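Chemist: Handing you this structure, nothing more for now.
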Amino acid sequence: MIYAQLKKTIIYHLISGITLSAVVIALLLLNKYDNNFIDAIGKYQLIRINAYKMKQAMADMDSAMNRINTVLPSEYGSKSHRELLLFTLDDIKMAFKGSEIAVTHFDEKEGELFLPVNISFPFDDYSMALKRIGYLQSMKIPQFKIKHVGIDSGADKQTKVVLCKIDGFLKMPLEGLKDAKK
Amino acid sequence: MRKAVAVSFEGENVRVVYASLKKKDIEVDDVLTLRDEQFDEFLEKEKTKEFIVVCDFKSFYQDIISIPPVKNRYIKKLIEAEIRKRAADFKEFYFIHFLHGEKIVENKRVKEIFVFAVKKEDLDSIISRFINKGKFIKAIYPNVFSIAGLVQSIEEPFLCIAEIGINKNLFLLNNGLMQFVRDIHSFEKGLNDLDIQNINMTINYCRQTMRINPSFIMLMGGICNNYSATAPPSIPVVSLAPVFLQSRINNTILDFIFPISAFFITRDKEINLLTREYKNFCQIRLFLRSSNILFLTLSIIGIFYAGFVAKSSIESRSQLNSLRMNSSDVEGILSSYENKKTEIAGYKPFITSLNNAALTPDIQRFLSLLSGIRTDNIRIDSISITTGESSLKGELKGMVKSEGYASMQMHYQQLIDSISSLKGFSIKRHNIELKERAFQIEVEYR
């Protein structure tokens, strides 16, 4: 049987086949090992980027908190929120001399404390009315939210006195900043 | 120029010829004569891998067989069946065949085919000697067919005589076609009277039985140098003078006519007796060896690539270590960030509130812009502003103070155009009553 002569060749074939398989397996494992490193490097780089972003975010947060701290009333922390709203109402009264200011009762809704305020004042100087509205709009904490402004020259057209009515409310968050400030 | 080696098994001797094959010529570089028992040792030492083999088969079957005209693919099967029928001792065999011609027998056309069959065991014994020493056989030719190739261009019938040891091979060629092969035993080398007697009897056989009258006798190979007969042959005798051979071994070249003739056999002559089993064996061995080379080459490439990947992994690892060292502060940043997030959570309602306030358009600016509109002959009695999510809705009421209607319309239109031209203003609806000259304009400010 001449095929018996192939024994040596078949053995070499097996050896070369096993060698190739071993090399292929080793390559696959090495490749996987290398890919894991590359993945890990990518993740570490992402962590570095995220750390940088976190630093920036922290700076933004600090800036936002500082901004809020600057607009907080001086009595903040020592007085209750209701008291603060009433203090602010007193400030408005001081600023709006000769005005009629009507308030109803405190209300709490969606985590905020409200105090509805109706202001009416006569004016003959348009810029004065604008200044008063600007004053109300400039209030940050507590905030004065204007719902409606009505300017009416009324029946007396001779005097040039115009009546301005402002409907709105003073508001501020129910939760205090005391805990956060700690 | 290509190197080739032919081996001729001639009884007790084995003749080996080393030659350089050129386009048309053959240059014999070296010759060797070995005893048969020395041949295995020779093969072991010989560096040449591939050999052409010529063999003097002692046991063969030859005949001219008539077969009906059939498709080519059935011819071999018909011949095989016919040989089995005629030669009972030929169980497994290989054969070569040539078409001799066609004739009409009982009004039917039949093909006459000359066949020459050799037992498989005889071929296997030769092949295994080469395989055992890791050598390849390119072809195995029966010696008479190999040598006949040198003189097949002669058209007239003639009897060829070649010498194997002390025995003689006789074969008749007609029109270049083999007619029969005969082995005659002799008592000494060369041609003596007894051989001439045998030759004359063969010539008579050709004339009487085969109806072929050979024109001459052609002596081929070493026998040309050893003619000692005194009795005349019945037809003229000529010697084959191989002028086409260039040799450095001039004196003995004629003794090597069989292996040399093998170099002249072209592919179109189908006289190769190599077995199908051997051809398959060679294909499998070639496949295995080629795949071995391929596997090893791929393995080497793979090892190099693995080295490259390993180097890359080492670099990646060092890069990762450096990144890991540089990232030691990440934990601190993360905890600070978490703390800061908790801290800012308390500010969130304030931030939301301030952000929402920023979304609402400025009422002061709205009123300020309105103060700049054209109010020729216009009296504005009331302005009403309602704040929406992201816009202000305003309503202006008043009167046009003109006396004429056309003038009224003109001033009213100036007012409308003036409001429309203000930045951020869009008029949603407006109306004027002609009788009262009172107007109402609804605007949106963003």
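Chemist: Name the residues in the range B:194-227 that are at pLDDT 90 or above, not hydrophobic (A, V, I, L, M, F, W, C) and not in a helix (DSSP H, G or I), would you?
Modeler: Across the range B:194-227, the qualifying residues are B:ASN213, B:PRO214, B:SER215.
Chemist: Next question, about the same structure. Inside the range B:59-135, counting only strands (runs of 3 or more DSSP E) that do not spill past its ends, which hold 2 or more residues that are within 14 Å of chain A (Cβ to nearest Cβ)?
Modeler: Where strands (runs of 3 or more DSSP E) fall fully within the range B:59-135, none carries at least 2 residues being within 14 Å of chain A (Cβ to nearest Cβ).
Here's the yes/no breakdown for (1) modelled with pLDDT of 90 or more; (2) more than 9 Å from chain B (Cβ to nearest Cβ):
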site	(1), (2)
A:LEU86	yes, yes
A:LYS97	no, yes
A:ILE101	yes, yes
A:PHE121	yes, yes
A:GLY134	yes, no
A:GLY154	no, no
A:PHE169	yes, yes
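Chemist: Condition first: at the interface with chain B (Cβ under 7 Å from one of its Cβ atoms) and of a type in the set (D, E, K, R). Can you find one or more residues in the range A:39-59 that meet it?
Modeler: Yes - at least one qualifying residue is present in the range A:39-59.
Chemist: Could you list, in sequence order, all residues of the range A:135-151 that are surrounded by 16 or more Cβ atoms within 10 Å (Cβ to Cβ) and either free of Cβ contacts under 8 Å to residues at least 60 places away in the same chain or of a type in the set (Val, Ile, Thr) (or both)?
Modeler: A:LEU136, A:GLN137, A:MET139, A:ILE141, A:GLN143, A:PHE144, A:LYS145, A:ILE146, A:VAL149, A:GLY150, A:ILE151
Chemist: Can you report the number of residues in the range B:352-384 which are more than 16 Å from A:GLN137 (Cβ to Cβ) and within 7 Å of chain A (Cβ to nearest Cβ)?
Modeler: 5
Chemist: Among the residues that make up the range A:68-84, is at least one of them in a helix (DSSP H, G or I), in contact with a Ser or Thr (Cβ under 8 Å, 6 or more places away or on another chain) and more than 12 Å from every other protein chain (Cβ to nearest Cβ)?
Modeler: No - not one qualifying residue is present in the range A:68-84.
Chemist: Could you pull out the residue among B:GLU112, B:GLU82 that is surrounded by fewer than 16 Cβ atoms within 10 Å (Cβ to Cβ) and acidic (Asp, Glu)?
Modeler: On the way: B:GLU82 fails: surrounded by fewer than 16 Cβ atoms within 10 Å (Cβ to Cβ).
Going through B:GLU112, B:GLU82 in turn, just one is surrounded by fewer than 16 Cβ atoms within 10 Å (Cβ to Cβ) and acidic (Asp, Glu): B:GLU112.
Chemist: In the range B:312-333, how many residues are part of a helix (DSSP H, G or I), more than 7 Å from chain A (Cβ to nearest Cβ) and within 14 Å of A:LYS55 (Cα to Cα)?
Modeler: Going through the range B:312-333 one residue at a time, the tally reaches 2.
Chemist: Separate question: I'd like to know if the range B:50-58 contains one or more residues that are touching a residue at least 12 places away in the same chain (Cβ under 8 Å), surrounded by fewer than 19 Cβ atoms within 10 Å (Cβ to Cβ) and part of a strand (DSSP E or B).
Modeler: The answer is yes, given that some residue of the range B:50-58 is touching a residue at least 12 places away in the same chain (Cβ under 8 Å), surrounded by fewer than 19 Cβ atoms within 10 Å (Cβ to Cβ) and part of a strand (DSSP E or B).
Chemist: Shifting gears a bit: I'm trying to understand the selection: among the residues of the range B:79-112, which are in contact (Cβ under 8 Å) with a residue 12 or more places away in the chain and hydrophobic (A, V, I, L, M, F, W, C)?
Modeler: B:ILE79, B:ILE83, B:ALA87, B:PHE90, B:PHE93, B:PHE95, B:ILE96, B:PHE98, B:LEU99, B:VAL105, B:VAL110
Chemist: Still on this structure, please answer the following. From B:ALA117, B:ALA87, grab the single residue that is in contact with a strand residue (DSSP E or B) (Cβ under 6 Å, 6 or more places away or on another chain), surrounded by 12 or more Cβ atoms within 10 Å (Cβ to Cβ), small (Gly, Ala, Ser) and under 15 Å from B:PHE145 (Cβ atoms).
Modeler: Only one candidate qualifies: B:ALA117.
Chemist: For the range B:353-383, which positions are surrounded by 16 or more Cβ atoms within 10 Å (Cβ to Cβ), in contact (Cβ under 8 Å) with a residue 12 or more places away in the chain and not hydrophobic (A, V, I, L, M, F, W, C)?
Modeler: Hits for the range B:353-383 are B:THR360, B:PRO361, B:THR375, B:ASN377, B:ASP381, B:SER382.
Chemist: Which of the residues that make up the range B:31-48 are in contact (Cβ under 8 Å) with a residue 24 or more places away in the chain and surrounded by 12 or more Cβ atoms within 10 Å (Cβ to Cβ)? Even if it seems obvious, please write down each step before you answer.
Modeler: Here is the first cut: in the range B:31-48, the residues in contact (Cβ under 8 Å) with a residue 24 or more places away in the chain are B:31, B:33, B:36, B:38-40, B:42-44, B:46, B:48.
Answer for the range B:31-48, where residues must be in contact (Cβ under 8 Å) with a residue 24 or more places away in the chain and surrounded by 12 or more Cβ atoms within 10 Å (Cβ to Cβ): B:VAL31, B:THR33, B:ASP36, B:GLN38, B:PHE39, B:ASP40, B:PHE42, B:LEU43, B:GLU46, B:THR48.
Chemist: Given the conditions (1) under 43 Å from the mean Cα position of the chain (by Cα); (2) more than 7 Å from chain B (Cβ to nearest Cβ); (3) hydroxyl-bearing (Ser, Thr, Tyr), which single one is not true for A:SER21?
Modeler: In the conditions (1) under 43 Å from the mean Cα position of the chain (by Cα); (2) more than 7 Å from chain B (Cβ to nearest Cβ); (3) hydroxyl-bearing (Ser, Thr, Tyr), A:SER21 misses (1) alone.
The values are calculated or read from the model by the stated rules, or taken from the named source; none is laboratory data. Since this is a predicted model, take the numbers as computed values, not measurements. All Cβ positions, even for glycine, are placed from backbone atoms using ideal geometry, and neighbour counts span all protein chains on display.
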